[in-house]
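S.K.: Encoded as structure tokens, here's the structure I'll be asking about.
The values are calculated or read from the model by the stated rules, or taken from the named source; none is laboratory data. On a predicted model such as this, the values are computed, not experimentally measured, just so you know. So basically every Cβ, Gly included, is an ideal-geometry build from the backbone, and we count neighbours across all protein chains shown.
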Amino acid sequence: MTVPMDMLNPAIVDIGPEGLPLSCSASGPQLGLDGPEDRFDGPLTIQLELLQQEGRISVTGTLEGTAIRQCVRCLAEYADPLLVSLYAEYLPQATGAAKSAQAEQGRRTARRAPQPVEPEEEADEEDELYWYQGDHLDLAPMLREQVILAAPMQPICREDCLGLCPQCGQNLNERRCGCPPAQAPSPFRVLRGRGSKGENA
Ligand SMILES: [Zn+2]
Ligand SMILES: [Zn+2]
């Protein structure tokens, strides 16, 4: 059995232009996903292909697993299948000043490209850009970021989730509670409230 942390720190010398396949399973905490929201059912399966061209390393692949999320409507926990498509580029970071120099080099490369690069695509490229130092690649921070980016802002257990009754708190997916329908505040009442405030002042 391969130790996941070794797999997630491949040596740069092992990555060539012919490509280096990499597959392993990791837990959330092994990827730095150890917050209260980072819960998974079983391991995360990672399959990557790494390619190096003159120091520039591209990483493509997938990350699969099952996330446990809490529905924002009914507050129930549910299993959310994860399938994250990964794409990242790593550039060597030699010194502190290397970052801007590399960015400048990136722009020059873009200008040389036969197809003009759309501004939106350029922005995406920046998001996928990572830096490496030394003789090993550290893939965990990139994987962690991609899993976080793939998480929905408003997790919902299912499209037609009925949520909770605002009056008694019953989960309406399980049964109806019999409470009268909630009344929206009427504009008249709001106006009257303002009026009485004015009288008191
Ligand atoms: Zn729900
Ligand atoms: Zn109710």
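S.K.: When only residues in segment 20-37 that are among the small types (Gly, Ala, Ser) and under 24 Å from Arg69 (Cα atoms) count, which is modelled with the lowest pLDDT?
M.R.: Checked segment 20-37; the qualifying residue modelled with the lowest pLDDT is Gly35.
S.K.: Output the number of residues of segment 150-165 satisfying the condition of being loosely packed, with under 10 Cβ neighbours inside 10 Å and farther than 17 Å from Leu83 by Cα.
M.R.: The initial filter retains those residues of segment 150-165 that are loosely packed, with under 10 Cβ neighbours inside 10 Å, namely 153-154, 159-160.
With the extra rule that they be farther than 17 Å from Leu83 by Cα, the set shrinks to 154, 159-160.
Looking only at that region, the number is 3.
S.K.: Enumerate the strands (runs of 3 or more DSSP E) found wholly within segment 15-76, keeping only those where 1 or more residues are within 16 Å of ligand 1 (Cβ to nearest atom) and either more than 15 Å from Ala140 (Cβ to Cβ) or out of contact with any strand residue (DSSP E or B) (no Cβ under 6 Å at 6 or more places or on another chain) (or both). Spell out how you get there, then give the answer.
M.R.: Numbers: elements: 20-26, 44-53, 56-70.
Counting at least 1 such residues, we get 56-70.
S.K.: Please tell me if Glu77 is more than 14 Å from the chain's Cα centre (by Cα), of a type outside the set (Phe, Trp, Tyr) and over 19 Å from Ala150 (Cβ atoms).
M.R.: Details: more than 14 Å from the chain's Cα centre (by Cα): yes; of a type outside the set (Phe, Trp, Tyr): yes; over 19 Å from Ala150 (Cβ atoms): no.
No, not satisfied.
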